[in-house]
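No value in this document is a laboratory result; all are computed from the given coordinates. Since we're looking at a predicted model, the values are computed, not measured. Here the Cβ positions follow ideal geometry from the backbone for every residue, glycine too, while neighbour counts run over all protein chains shown.
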Amino acid sequence: MTVESKQVDMFEKTDAQLTALVTEIGSLSKSKPDNPLNKFKIRFINQALAQANTLLDDQHRPIDGFEQFTEELLPSYSDVLIVLTQYVSALEGWRSANAIKVGYNWQWNIKGNRARSTEPPTRFRRGIDDE
Amino acid sequence: MAIIRPRLTDYYDIGVTQEEVDFAIPFLDEDIPLYVDPFLLWKSPSMQDNALHTVMLASFNQLGRRWQSGARDQANQILVSLSECEEVGLGHAKNKKGKRIGAETANEVLSLFSTIPEIRIGGLHHIEELNLLTDQIGRDRISDLACNLLKSFLIDYTIDQANMFAIPREEVSLLGVFDLRTQDLASERVSLPTNPETHAPILLVPKRWLRFVPWINRDEFFSGAHIESEDQSLDLARGTVGTLSYNRNNYGMIRAYVAAKERSQTDCRNDPLFTPIPVLSAKRKLAAIRKLPTGNDNNADKAYEDLVAPLMASMLYPQLDFAKTQSRTDSGALIRDLLFYNGRSTEFLRDIYDTYASRQIVVELKNVKSVEREHINQLNRYLNSEFGRFGIIVTRNPLPRAMFRSTIDLWSGQRRCIIALTDEDLDVMCTVFDSKQRLPLEVILKAYVEFTRSCPA
């Protein structure tokens with residue numbers, strides 16, 4: 001399985017956004033878990049989720065049938081936090097599935113063998129690591 | 001017209017809320033319980049309002065001078081005519097009909113221009129001083145005098161606002177329009193909004209001029225402005241003819257009081273037509289609701305209604321203007337409803353207006369553990385063509401599955417929408433009322449979205 005270089009760019013951007021959101025929403029969720037988020041925050045989170053959804057295929061999607069939050073349904077901080085952590089974990093799964101070992105280093109498995117290094121995978125990769 | 005407590009804009013189906021317009025929206029059957037306070041014109045930063053105050057005062061003082069010069073009958077007649085302004089519909093009359101003052105009272109007012117030397121020479125500085133000098137001139141008379149003296153401006157203002165909001169007008173003959181040039185009353189043929197049932201002309205009044213109690217008022221003067229130890233007889237005289245004679249003989253005290261009120265003008269603000277309860281009070285009411293048992297033991301149902309009504313009215317303001325709390329009986333059961341005008345101020349409210357013809361939103365309060373079919377039928381019977389086909393049941397717990405199914409069936413069969421709000425929803429409404437991150441109205445939208453998602457495609 002190979003990925004395109006622009007997908008790696010999008011991963012790096014989205015992963016950073018979602019990780020930061022988990023930290024922010026996590027701290028807000030501690031004090032006000034049941035408070036609904038305002039529309040601005042939901043729109044921003046939905047943008048990040050939409051980017052993640054373009055990367056994640058059905059195999060890596062964390063929640064079946066879920067695409068984005070509905071503004072009208074007033075999602076709370078704790079609801080949003082659960083979904084965001086699932087997405088961060090799913091993105092890590094996707095990264096692990098697309099990393100290959102070249103010598104002693106790990107690189108993205110990019111079409112055309114363009115070298116871009118990445119961290120070692122943190123997940124068991126079915127079909128790759130069990131070979 | 002069957003909608004409850006109809007306002008001019010509701011009759012003509014004009015989707016605006018009180019918050020959005022510059023004028024106080026008049027009711028068709030009753031008066032707006034506020035009064036024009038001329039002091040608000042005096043202290044206004046607007047030169048137009050200041051000028052109107054000057055003109056009003058000059059006109060009234062001119063009337064006094066006319067009385068002094070001997071044209072007493074004429075001045076008296078004009079003052080009697082100026083003492084009631086039905087077109088503006090302000091005050092507490094339930095039938096929009098007020099009474100003028102008598103000739104005797106008019107004489108008493110005008111005689112101030114001869115009995116009090118300062119007024120004889122310099123005239124009044126504020127028309128509200130009449131309130132401190134005569135017994136028959138209260139806040140309603142002050143307001144009516146001001147409106148009549150400014151009627152010509154109010155006609156232009158009304159035409160302007162009516163055009164802005166497409167309020168229909170018709171040609172009417174308006175009596176008692178004060179003409180500045182002749183300093184006399186005249187009748188004018190003008191095009192104004194009218195009461196659709198009585199065809200009586202309606203004049204709109206800017207919200208910024210309205211207060212419950214005038215800034216310069218008799219009660220405050222007696223409670224705080226005079227020195228009790230100086231003259232015990234004043235207390236005995238309060239509210240009687242003695243009051244007047246005391247004040248007339250001690251006009252300097254009134255001037256000092258008025259000067260003090262002028263100095264504290266920054267505290268003088270117009271009163272809104274509806275004042276929502278503060279967040280802290282809303283939270284207390286929610287906590288009380290949470291503790292309240294279901295059922296009607298110890299009048300718990302009445303207590304529930306008394307708590308929910310101000311809570312909902314405040315949290316949904318200004319997107320929904322509260323119309324009335326109404327009691328009715330249905331099959332022997334007493335039912336309490338809250339009614340809101342649907343001013344179509346948000347996309348959701350426009351949607352339910354378009355889909356369910358919802359002109360007034362009916363909210364039924366049920367302090368029961370579990371809503372039963374009869375409760376839904378009660379509300380359903382109320383959703384007629386005048387109110388529209390959208391209603392809300394505020395109750396303690398979520399609808400049982402069978403009852404929810406029954407609301408879906410009502411939608412499927414008759415396109416009527418009944419949604420339920422529970423204690424949990426009130427809690428979220430209170431939370432967002434406090435945090436200001438979302439509108440409490442959006443909790444109703446959420447319940448509506450969940451309802452529509454359950455409806456058959």
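Under the Kirkwood approximation for Rh and a Cα-based Rg, what ratio Rg/Rh is obtained for segment B:17-72?
Across segment B:17-72, the Cα-based Rg/Rh ratio is 1.15.
Please state, as a whole number in µm²/s, the translational diffusion coefficient that the Stokes-Einstein equation yields for chain B at 25 °C and 0.890 mPa s, with Rh defined as the Kirkwood radius across alpha carbon pairs.
Estimated diffusion coefficient is 99 µm²/s.
Could you name the aspartates and glutamates whose alpha carbon sits less than 13 Å from that of residue B:43, not counting residues in the same chain fewer than 8 places away?
B:262, B:267
As an exercise, use a Förster radius of 41 Å and the Cβ-Cβ distance of residue A:104 and residue A:53 to find the FRET efficiency, rounded to the nearest 0.05.
0.75
Might you report the magnitude of the Cβ-based charge dipole of chain B about its Cα centre, with Lys and Arg at +1 and Asp and Glu at -1, to the nearest 20 debye?
Using Cβ point charges on Lys, Arg, Asp and Glu, chain B gives about 840 debye.
As a test of the definition: which semi-axes, in Å, follow for segment B:1-127 when you take the square root of five times each eigenvalue of its alpha carbon gyration tensor? Largest first, please.
35, 19, 10
Once you measure Cβ to Cβ distances between cysteines in chain B, which Cys have no partner under 4.7 Å?
Cysteines lacking a close Cβ partner in chain B: B:268, B:417, B:430, B:455.
Need one number: convex hull volume per residue for the protein assembly as shown, Cα atoms only, in Å³.
240
Residues with amide H under 5 Å of residue A:60's amide H, sequence separation 5 or more or different chain, H placed in the peptide plane at 1.01 Å from N; which?
Answer set, sorted by chain and number: none.
With +1 on each Lys and Arg Cβ and -1 on each Asp and Glu Cβ, how big is the dipole of the protein assembly as shown about its Cα centre, in debye rounded to the nearest 20?
My answer is approximately 800 debye.
How high is the FRET efficiency from residue B:414 to residue B:435, r the C-beta distance, R0 30 Å, rounded to 0.05?
The value I calculate is 0.20.
Give me, ordered by chain and number, the residues 5 or more places off residue B:421 or on other chains with an amide H under 5 Å from its own placed amide H.
The answer is B:393, B:394, B:395.
Hey, how many Å between the Cα centroid of segment B:150-171 and the Cα centroid of segment B:346-393?
Here the two parts' Cα centres lie 35 Å apart.
Could you name the lysines whose alpha carbon sits less than 27 Å from that of residue B:436, not counting residues in the same chain fewer than 8 places away?
A:30, A:32, A:39, A:41, B:207, B:283, B:285, B:291, B:324, B:446
Within segment A:60-90, report the GluC sites (Glu not before Pro) that DSSP leaves as loop and that have at most 14 other Cβ atoms within 10 Å.
Answer by residue number: A:67.
Taking 8 Å as the Cα distance limit and 6 or more residues as the minimum spacing, I'd like the relative contact order of chain A as a percentage.
Worked out over chain A, it gives 31 percent.
Counting DSSP beta bridges in the protein assembly as shown, what percent are antiparallel, to the nearest 5?
75
Taking amide hydrogens as modeled 1.01 Å from N in the peptide plane, which residues meet the under 5 Å criterion relative to residue B:174, leaving out close sequence neighbours?
The answer is B:188, B:189, B:190.
Run through the DSSP bridge list for segment B:305-431 and note the antiparallel percent, rounded to the nearest 5.
Just about 60 percent of them are antiparallel.
Would you mind putting B:309-315, A:106-112 in packing order, based on average other-beta-carbon counts within 10 Å, highest first?
Highest to lowest by the protection proxy: B:309-315, A:106-112.
Need one number: nm distance between label points at residue B:212 and residue B:156, each 7 Å from Cα along Cα→Cβ, rounded to one decimal.
It is 3.4 nm.
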